[in-house]
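K.L.:
Below is a structure I'd like to ask you about.
The values are calculated or read from the model by the stated rules, or taken from the named source; none is laboratory data. The structure presented is a predicted model; accordingly, all values stated were derived computationally and were not measured. All Cβ positions, glycine included, derive from the backbone under ideal geometry; neighbour counts span all protein chains shown. The accessibility values were calculated without ligands, DNA or RNA, using every heavy atom of the protein model including side chains. Shrake-Rupley method; radii C 1.70, N 1.55, O 1.52, S 1.80 Å.
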Amino acid sequence: MGLSFVAAADAHRLPADVVIGVDVAALEALEGVTGPSGADEWFMAQRLGAGQTGDLVALAGRARAQAARIGAAGASTFAALPAWQSMGPTNLGGRVTDLVVDPSVANTVYAATASGGVWKSTDSGSTFNYAWDSAITQAVGAIAITSAGVLYAGTGEANPGGGSASFPGTGVYRSTDHGVTWQSIGLTGTNRIGRIVVDPANENRILVAATGNLYVPGGARGLYRTTDGGAAWTQILAGANSTTGASDVALDPADPNRIYVTMWDHQRMPGSRRYGGVGSGLFRSTDGGTSFTRLASTLPASGANVGRMGVAVAKSDANRVYAIAANATGNFLGFWTSTNRGDTWTKITNTTALNSSQSTFGWWFSRIFVDPLAPQHVWVPGVPMLESSNAGGSWTSNSSSFHADQHALAFDPRVANRVFLGNDGGIYRSTANGSLSGSWTKTTRLGNMQFYTVAVSQQDVTRISGGLQDNGSVRSWSAWGSYYGGDGLQNLIDPTNHQKVYACSQNGSCGRSTNGGNSMSSFGSTTSDRRAWLTPVVFDPSNPAVMYYGGNRLNRSTNSAQSWTAISGDLSRGSSGSTSYNTISTIAVAKTSAATIYVGTDDGRVWVTRNTGSTWTEIGTALPQRWVTRLAVDPTDANLVYATLSGYTTGDAAAHVYRTTNGGASWQQISGNLPNAPVNDLVLDPQNRNALYVGTDVGVFTSTDAGATWSAAGTGLPVVSVMDLATAVSGGRTLITAGTYGLGVYRLDVGAPVA
């Protein structure tokens, strides 16, 4: 049957007028299917190589170091190449995890982003520019600032993915020059950081809430303190068990020795999650962190159903404290307030608005913000933002003035009534003290977009489309506006007619257009038992009216996706409840033999048919049994095929790129000196079949000697996950366009082929 839906946890995330072909009820029914069901599962399942347990930080760090060495070694080779150029979009904005306003410099705001580093505005949030180190992790979960403008950033996003992917980090960084340069100052093993608080009475005293490794128990997690600006750190509160870390922390503004911290017991497995446990709860210290007591009263008692919590103290009345909690499955558990510094608590009974605002993933939010001048004026992030002027007695909700899924609020200490909001769609500014009934202005420049795929017109290379996490499928020729809803995934542009465009949302819900995306029609029905988060769709390179769509079965269309016929049985290992989708992950059609089609699966199988699906032969048994991310066929030889694999592997052998010259009868590893990081895509230079380009989790690399050696492709590309590559030729010059997961689209002009 054909599918037309988006993931239940994401269906609300775009305005209804841009969500095309969405059947939320059908999507909700998918929650019980086997295998992973969201973006984070899709990301992590393929990155966990054989024998890995999810502790990817050290492996990713080594891969970044390897990438840096390759870049340095190849600097002379690529000295003649221009740098990568950012192509945008900058007018949209992706997930913002935290915000601070600089109290020392007027109109200056800093934003921490999920996988795009730190961004800085010097014009009151109207526009932002990148203000992070491009060579370190781009995942930033928290940010704080001193009265003198010294910045502290905690890396690794503490909001664990479900409908979105989140990445670990490498500790705390400091900038003393307003974001120009950053230095590591420790806590490198904390993995993910939820909040940083600077003591206003002693700004060398800083508290860091480290949630710890999402996948692997143990390691550095809990509440940490420095009294010397980060030269040394002490853990002042450990979790009750090896899966409990700290997720939020607040200081009493009248007595900095009074500390409130929320502890969160949680663990993620590649195919499941436990987002609550006995270690979760709200704790308080009255002696600067020497000892802590779990707070009780009406707050949740220790138990398996207690999930992530948030806490806030009113700056203008230290007696007033607020707390919020989700349960272990992500549903709303409760909202409380105290008027005696946490000695006793009152549970708010008017919970209808709160309950609905948290949807089924309260662990995505779990924060509270209090007006610095009015202790009963509070905001609670959720799918919409909630506001109360009477300490939670009643609530106002807003889900129409800005993008869904709220994460951060920051008050300008220099300008009365100016408030900044950060969510999954960027940054917004209020000049009415954050009133949800007032107007909000969105920033016009913030380039932290998370691309899954990218497509380029072969007739006009300025026409770029792509699929975005949480922001639909977008197109450059319409101001990067969304033309297909949900989470944007596979995008295609017909190479012979760029008015014919195709876009998909999650789980293989796809649309087609003959007018450049101005109007969309659903694909014809396809036949598959399972479809992945990113369902691959490709053209026959000789005839773009012929298309292929991969669930667990391969479907073929001869009329530009209007109708489909299944041409295979189940090509996966079958529905096994494993950490893969057990579906087709990549499709490649030979240009010199349209009947020859290669297919790879996310559970490590590679197949070929040489008669358009009448018979299939498995040819990947000699390859590692890992997620096959891409197959590419040489345009002049149907038997010359490249395969790329995902997954971090043990040891230093990358083992991510393979080549066959005999149609899969045998394979040779050609990873050479590539960093030991997942390879997400491989393309051939359309003007030089000997030049290969791969997109990896640590950048783009190229080889001209069949993979014996690899060099960094160009200069200036941040160390960010490159999910997809597209090639085009313009004026005789080859262009490589990269879709990154966190910093938008980049392009490299490789130049004309050497005579």
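K.L.:
If we count every other residue with Cβ under 13 angstrom of Ala250's Cβ, Lys/Arg +1 and Asp/Glu -1, where does the sum land? Each step should come with its number before you reach the end.
P.N.:
Numbers: positive: Arg195, Arg258, Arg284, Lys315, Arg320, Arg341, Arg367; negative: Asp199, Asp248, Asp252, Asp255.
Charge balance in the 13 Å sphere: +3.
K.L.:
While we're here: Quantify, in whole percent, the carbon and sulfur part of the accessible surface of segment 405-454 (1.4 Å probe; protein heavy atoms only).
P.N.:
On the way: 630 of 1450 Å².
Ligands and nucleic acids excluded, carbon and sulfur give 44 percent.
K.L.:
Further question on the same structure: Could you give the alpha-carbon Rg of segment 338-461 over 2.2 N^0.38 Å, rounded to two decimals?
P.N.:
On the way: Rg = 17.4 Å, N = 124, 2.2 N^0.38 = 13.7 Å.
It is 1.27.
K.L.:
By how many nm would the segment from Leu373 to Met269 lengthen if fully extended, with 0.36 nm per residue of separation less the alpha-carbon distance?
P.N.:
My answer for the length gained is 33.2 nm.
K.L.:
Short version: what are the Cα gyration tensor semi-axes of segment 585-669, square root of 5 times each eigenvalue, largest first, in whole Å?
P.N.:
Working: eigenvalues 98, 33, 21 Å².
Values for segment 585-669, descending: 22, 13, 10 Å.
K.L.:
Right, here's the next one. Using Cα pairs closer than 8 Å and at least 6 residues apart in sequence, work out the relative contact order for the chain, in percent. Could you put the intermediate results ahead of the total?
P.N.:
Working: 2397 pairs, mean separation 95.2, N = 755.
Result for the chain is 13 percent.
K.L.:
Give, in whole angstrom and from largest to smallest, the semi-axes √(5λ) of the equivalent ellipsoid of segment 514-626, with λ running over the eigenvalues of the Cα gyration tensor.
P.N.:
Working: eigenvalues 112, 61, 27 Å².
For segment 514-626, the ellipsoid semi-axes come out as 24, 17, 12 Å.
K.L.:
Suppose the chain between Gln499 and Ser593 were pulled fully straight at 0.36 nm per residue; how much longer would it get relative to their current alpha carbon spacing?
P.N.:
Working: separation 94, 0.36 × 94 = 33.84 nm, distance 2.66 nm.
Separation in residues times 0.36 nm, less the Cα-Cα distance, equals 31.2 nm.
K.L.:
Measure nothing but the geometry: give the 0 to 90° angle between the long axis through the Cα atoms of 57-73 and the longest principal axis through the Cα atoms of the chain, rounded to 10°.
P.N.:
With both axes taken from Cα atoms, the answer is about 60 degrees.
K.L.:
Would you please classify the overall shape of segment 455-560 from the alpha carbon gyration tensor, given that a ≥ b ≥ c denote the square roots of the eigenvalues, rounded means a/c under 1.5, and beyond that prolate means a/b larger than b/c while oblate covers the rest? Could the numbers behind the result be given before it?
P.N.:
Numbers: a/c = 1.95, a/b = 1.23, b/c = 1.59.
Judged from the Cα gyration tensor, segment 455-560 comes out oblate (a/c at least 1.5, b/c at or above a/b).
K.L.:
Okay, next question. Using 16 Å as the cut-off for backbone N distance, which residues of segment 660-682 belong to the label zone defined by a point 7 Å from the Cα of Arg62 along Cα→Cβ?
P.N.:
Correct set: 672-679.
K.L.:
Kindly give Rg over Rh for the chain, based on alpha-carbon atoms, with the Kirkwood expression for the hydrodynamic radius.
P.N.:
Working: Rg = 25.4 Å, Rh = 26.1 Å.
With Rg and the Kirkwood Rh in hand, the quotient comes to 0.97.
K.L.:
What spacing in nm lies between the two simple spin-label points modelled at Thr636 and Ala304, each 7 Å away from Cα in the Cβ direction?
P.N.:
Reported label-point gap for Thr636 and Ala304 is 6.4 nm.
K.L.:
How big is the charge dipole of the chain about its Cα centre, in debye rounded to the nearest 20, if each Lys and Arg gets +1 on its Cβ and each Asp and Glu gets -1 on its Cβ? Show your work: numbers first, answer last.
P.N.:
Details: 48 positive and 48 negative charges, 41 e Å.
The calculated dipole for the chain is roughly 200 debye.
K.L.:
Still on this structure, I have one more. Defining a contact as two alpha carbons under 8 Å apart and six or more residues distant in sequence, what relative contact order in percent does segment 225-332 show? If you can, show how the numbers build up before the last one.
P.N.:
Details: 250 pairs, mean separation 25.3, N = 108.
Reported as a whole number, the value is 23 percent.
K.L.:
Now a separate question. Quick check: residue separation of Ala432 and Asn417 times 0.36 nm, minus the Cα distance between them. What number comes out in nm?
P.N.:
Details: separation 15, 0.36 × 15 = 5.40 nm, distance 0.53 nm.
Value of the extension gain: 4.9 nm.
K.L.:
In percent, how large is the relative contact order of segment 685-753, given Cα pairs closer than 8 Å and 6 or more residues apart?
P.N.:
On the way: 143 pairs, mean separation 17.7, N = 69.
Here the relative contact order equals 26 percent.
K.L.:
Grab the DSSP H runs of the chain that are 4 residues or longer, score each as -39,500 (n - 2.57), total them, divide by all residues and round the 222 nm result to the nearest 500 deg cm²/dmol. Walk me through the intermediate numbers first.
P.N.:
Values: 4 runs with 37 residues, N = 755.
The helix-only estimate for the chain comes to -1500 deg cm²/dmol at 222 nm.
K.L.:
For q values of 0.14 Å⁻¹, compute log₁₀ I(q)/I(0) with the Debye formula on a Cα-only model of segment 380-442, without solvent.
P.N.:
-0.35
K.L.:
Show me 599-606, 401-408 ranked by packing, highest mean number of other Cβ atoms within 10 Å first. Intermediate results must be reported in sequence, preceding the final value.
P.N.:
Details: 599-606: 25.4, 401-408: 23.0.
Peptide ranking by packing, descending: 599-606, 401-408.
K.L.:
So, in the chain, how many Lys pairs have Cα atoms under 30 Å apart, if the pair is 8 or more places apart or on different chains?
P.N.:
Details: Lys120/Lys315; Lys120/Lys442; Lys315/Lys347; Lys315/Lys442; Lys500/Lys591.
Lysine pairs satisfying the spacing and distance rule in the chain number 5.
K.L.:
Compute the label zone of Ala148 within segment 196-211: residues whose backbone N is under 13 Å from the point 7 Å along Cα-to-Cβ.
P.N.:
202-205
K.L.:
Could you look at segment 177-219 and say what percent of its accessible area is carbon and sulfur, using a 1.4 Å probe and all protein chains?
P.N.:
Numbers: 750 of 1400 Å².
Whole-percent figure for carbon plus sulfur exposure: 53.
K.L.:
Okay, moving on. If ligands, DNA and RNA are left out, what is the accessible area of Asp724 with a 1.4 Å probe, given in Å² to the nearest 10?
P.N.:
Approximately 20 Å² for this residue.
K.L.:
Suppose R0 equals 51 Å; then what is the FRET efficiency for Thr290 and Thr441 from their Cβ-Cβ distance, rounded to the nearest 0.05?
P.N.:
Values: r = 46 Å, r/R0 = 0.89.
E(calc), rounded to 0.05, equals 0.65.
K.L.:
Can you give the Rg and Dmax of segment 173-245 based on its C-alpha atoms, in angstrom?
P.N.:
Expressed in Å, the Cα Rg and Dmax of segment 173-245 come to 12.8, 39.
K.L.:
Accessible area per residue for the chain in Å², computed with a 1.4 Å probe and the full protein assembly in place, what is it? Walk me through the numbers on the way to the answer.
P.N.:
Working: 23760 Å² over 755 residues.
Dividing the accessible area of the chain by its residue count gives 31 Å².
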